[in-house]
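Have a look at the structure below, then the notes.
Nothing in this text is a laboratory measurement; each read-out follows from the coordinates by a stated rule. Everything numeric here is computed off the predicted structure, so don't read it as measured data. We place every Cβ from the backbone using ideal geometry, glycine too, and count neighbours over all the protein chains shown.
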Amino acid sequence: MLAGLLAVSPLPRTQAAVIPADVHADLSAQISAQGRSRVIVGVNAPSQPEAALSQPQIQTQQATIDYTRAALINNLNAQAPQSVTVVLDSLNWRIPYLALEVDAAGLSALLNAPQVTSVRASGIHELALSSSLAVVRAAEVWAQGYDGAGQTIAVIDTGIEAGHPFLGGRVVSEACFSGGILGSQTFCPGGGLTAFGPGASAPTVCATLGLSGCAHGTHVAGIAAGADGPANAPSGVAPAANLIGVNVFSAADVNNTPGAEVVADDADIISALNHVFNLRDSYDIAAVNMSLGYGQHFGTCDNEVPAMTAIIGQLRAAGIATVVATQNYGYLNAISFPSCISAAISVSASTDSDGIAAFANRAPFMSLFAPGVSVSSAVLGGGYEAWNGTSMAAPHVAGALALLREYQPTASVADLLGALQISGPQIPVFGGSVPRLDVAGALALIDDPLPTITPSPSPTATPTPAPATNDSFDGALVIAALPFTHSQSVGAATLAPNDPAMCGGNKKNNTVWFAYHSPINQDIQIDTRGSNYDTVLAVYTGVQPPSLTLVACDDNLPGQQVSEVRFAANANTTYYVMVAAWGTAPADPGAILELAAQRINAPTATPSLTLTPSMTPTPTLTPTGPPPAPAAPLAPASLIAARQPTFTWTAVAAATGYQLWVSRADDGSQVLAEWYDGAAVCAGGSCSVTPGLALAAGAYRWWVQTWNPDGGYGPWSAEGGFTVQTAAPTPQSPVGAISATSPTFTWALIPEASWYRLWITAADGALIHEGWYAAAAICAVGTCSADPGVMFSNGAYRWWALAWSADGDLSAWSAETLFTVNAPPSGVTPTNPAGIIGTAAPTFTWDDGGAGWYRLWISAADDATNAPLFDGWYAAAAICANGVCTADLGGPLADQVEYRWWVRPWDTWGGYGPWSAPTTFTVAATAPTE
């Protein structure tokens, strides 16, 4: 029965929720086996991180979430009474989600409810089972006075033995959310599903049941913040930090093995994270540690349980990092949920010698490594033991974040993580590398970071652009395989005398050539979409201009200045593509061609091999000999910057054809499946092709299959892997001489990037500013604009930017960009002399406007031309101090004369400032005679 019918009106009906087929099937199977299932439901209410909202906005947002949840409960109560039970603590969640237990009728009603946006099963988590401190250099940070004092670490786990001497009475808050798994035994004191206050997280119930893993949370807490331990466990990473203990585990038989296991479910974990979020105003919480997880993910997994993603995002926006162990299944290029959530900090286990622990899940998109082998810490009953696991690695990072947060209280989670990732030594993983925790290095980086920057060479003259290599028919650029994309400048391309006429019979300008040999019968589309000039596109067959046969030609697509052709290509035929600028005048020097070619129907198989890719293909011919041996992938590997990589593998003597298969590592989606003629692509013992891909940032896997006419298909090669690095930003402004003293820094948007780092130094390398900026906050319409809030004085400066994305991690630094602030100096106000003065040798004073030099001009007051009686320059360094400039003339002025004077500033960078207002004075050194 639903808990309480709430007196609200239902929201207007919207489209029913659509959930993935596999999720629906899993839920239905679970309900069929158990009668009911716990689910996490997204409701149709807008939500933003509360850190970005005012208090009235927060109240309005939460009221809308509560209203929508109530409307859903009313709806379900009417549609499926007795079929749905509310998990009561989920009514307190600060995110638009709700936890329910449903039977088959309840699930059906839920999927048709207008308030529902998503439905996910509440997954089951397992535990992710003292030289390490020297490895991460924590003691060096303590020596500088930072030990985590004033910071708090929340440990969401099996609870904490708060009275353990290693924890020193620093457990400041406890809670329990347990028993959510159907048929489970709660670990909360008193047998309830929730508990709060001293002792609420204690692992007493677990220990009484004699289960394995009850001390897990205590061990994790000691690694993060233990102190004053024995010689084998002297201290945690942040020995003065406080702790919040939250027990989310229960005893349940979930794997059909004898006896109960210690497990937790998603809904209880979300309640725990929500509880920590609600404590943010009571404690300075640096990090949440969760050494738990399940599943296998080859990329980020924000849609696995959207509610978990949402609450981790809320915490991060509030400055609280969520550190999650990657789990211990030994995956070589995948990690578990929830460590794969993009807003979480994922941590795998390394050895003290910077190897990778054999049990540890790892992947190139995770955040950090930290020691996780033979780590000594507290266990129940006041004891100490050495344990292995990614569970032991994660709290090293949580403790490190407490140290960094104590040092830099206002730094964002992105700032702290960026320092940790840039400072630590890199440990190679399949498809890339991941930094290992080095807290002392990170502290130094936050204090005075220094990017790896290649000094710019001395300026050279701008060369005259040369024509492209494919400027003529004989230099045609070969299209090796489809699909194909290509970008090039054509401003310097020429028109050859024998280039053929095109559509309408007119000769064109700026022609460039391409050649494609079609191995099969296929329909092909070629277009110039994205080009910034008026194109004409033609396709020919033949041997040499001018004796070519026109196959297809297009001047403009309707209403556009770009072109597109489609034609039926014949097998074993070479086609030549010519692109020209329309008109009789050459194209603008900045003309850029964007050419794309692709198949537009399924390829027709030749008699000798099938072109339908398959990971376990069947030959189309009966083999008459042995199949060829497998090839071995060579490159690309690890982290690459190229978006159109060249693939290289070992040549196999008996193979005449090779199929290249490329897919995304995260979801397995196919990127390329293409056959290549060995005679065309292999030489010197290896084969190389550049398919013309346009890969997005992220991790990829690839294989090669061999083939010959006698033996058919050989086996697939071993798997190759690589990660395309996030593209580096291209700086736009400021550049060169500027007059603005508070410029906005702009660079070209990187589509996949979610964060950018801006780095500004003086010409001598002294750091002026560094900071991380969210792409969502600073980027629009192809450009990102960051205001560092810096007032620059006149002088020379250098700046760089880098990008970060969840798929491609950190980009390289951008090219160095130089600018000079040449702001004219501000005008000054003359103060003395003024009026009638009693000396013929006055001292002239004015306020110091910050200029390098000042010009003093004196004329007779009755001279309409202001001809100078005195015109002199003074160095500010010689005459100015404490905001006032004082100058003497070095000789007397004439008595009984009225004078007028002005001052004008000048600076090396900004040139002349304005003349001051005129000031008059009269010299009356002696009394007048009658």
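Here are the numbers for the structure shown:
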{"quantity": "Ranked packing of 307-316, 52-61, 115-124, most packed first, by mean Cβ within 10 Å", "calculated": "307-316, 115-124, 52-61"}
{"quantity": "Burial ranking of peptide ranges 144-156, 857-869 (average Cβ count within 10 Å, highest at the top)", "calculated": "144-156, 857-869"}
{"quantity": "Per-q log10 I(q)/I(0), region 731-821, q = 0.12, 0.17, 0.21 Å⁻¹ (Debye; single scatterer per alpha-carbon; no solvent)", "calculated": "-0.34, -0.67, -0.99"}
{"quantity": "Square roots of 5 times each gyration tensor eigenvalue, C-alpha, region 30-90, largest first, Å", "calculated": "29, 14, 8"}
{"quantity": "Relative exposure of 578, 392, judged by other C-beta atoms within 10 Å (fewest first)", "calculated": "578, 392"}
{"quantity": "Where the Cα pairs of region 295-336 fall when distances are cut into 10 Å bins, in %", "calculated": "27, 47, 24, 2"}
{"quantity": "Amide H partners (placed H, <5 Å) of residue 478, local residues excluded", "calculated": "515"}
{"quantity": "Over region 232-368, volume per residue of the alpha carbon convex hull, in Å³", "calculated": "144"}
{"quantity": "Residue-count net charge about residue 723 - beta-carbon cut-off 9 Å; Lys, Arg +1, Asp, Glu -1", "calculated": "-2"}
{"quantity": "P(r) histogram, all alpha-carbon pairs of region 633-724 included - 10 Å bins from 0, percent", "calculated": "17, 52, 26, 5"}
{"quantity": "Residue-by-residue Karplus 3J(HN,Hα) for region 202-214, coefficients 6.51, -1.76, 1.60, Hz, glycine and proline x", "calculated": "3, x, 4, 4, 4, 5, 4, 6, x, 8, 8, x, 4"}
{"quantity": "Cα-based Rg / Dmax (Å) for the chain", "calculated": "35.9, 136"}
{"quantity": "Packing rank of 768-775, 40-47, 478-485, where each peptide gets the mean count of other beta carbons within 10 Å, highest leading", "calculated": "40-47, 478-485, 768-775"}
{"quantity": "Calculated FRET value between residue 895 and residue 735, using beta carbons and R₀ = 51 Å, to 0.05", "calculated": "0.35"}
{"quantity": "Whole-percent pair-distance distribution, where bins are 10 Å wide, for the alpha carbons of region 691-768", "calculated": "12, 27, 21, 16, 11, 8, 4, 0"}
{"quantity": "Computed E for residue 60/residue 544 - FRET, C-beta separation, R0 56 angstrom, nearest 0.05", "calculated": "0.15"}
{"quantity": "Coordinate range along principal axes, alpha carbons of region 473-599, Å, largest first", "calculated": "38, 29, 25"}
{"quantity": "In order through region 365-371: 3J(HN,Hα) via Karplus (6.51 cos²θ - 1.76 cosθ + 1.60), integer Hz, x for Gly, Pro", "calculated": "8, 6, 8, 8, 9, 8, x"}
{"quantity": "Estimated 222 nm signal from helices in the chain, with DSSP H stretches of n ≥ 4 weighted -39500 (n - 2.57), rounded to 500", "calculated": "-4500 deg cm²/dmol"}
{"quantity": "Whole-Hz ³J(HN,Hα) from phi, Karplus 6.51 cos²θ - 1.76 cosθ + 1.60, for region 225-233, glycine and proline x", "calculated": "8, x, 7, 6, x, x, 4, 7, 8"}
{"quantity": "Net +/- balance of residues flanking residue 297 in space, Cβ distance below 11 Å, scoring K and R +1, D and E -1", "calculated": "-4"}
{"quantity": "Lys/Arg +1, Asp/Glu -1 at C-beta; the chain dipole; positive extreme among 376, 917, 46", "calculated": "46"}
{"quantity": "Cβ-based net charge around residue 240, under 14 Å, with every Lys or Arg adding one and every Asp or Glu removing one", "calculated": "-2"}
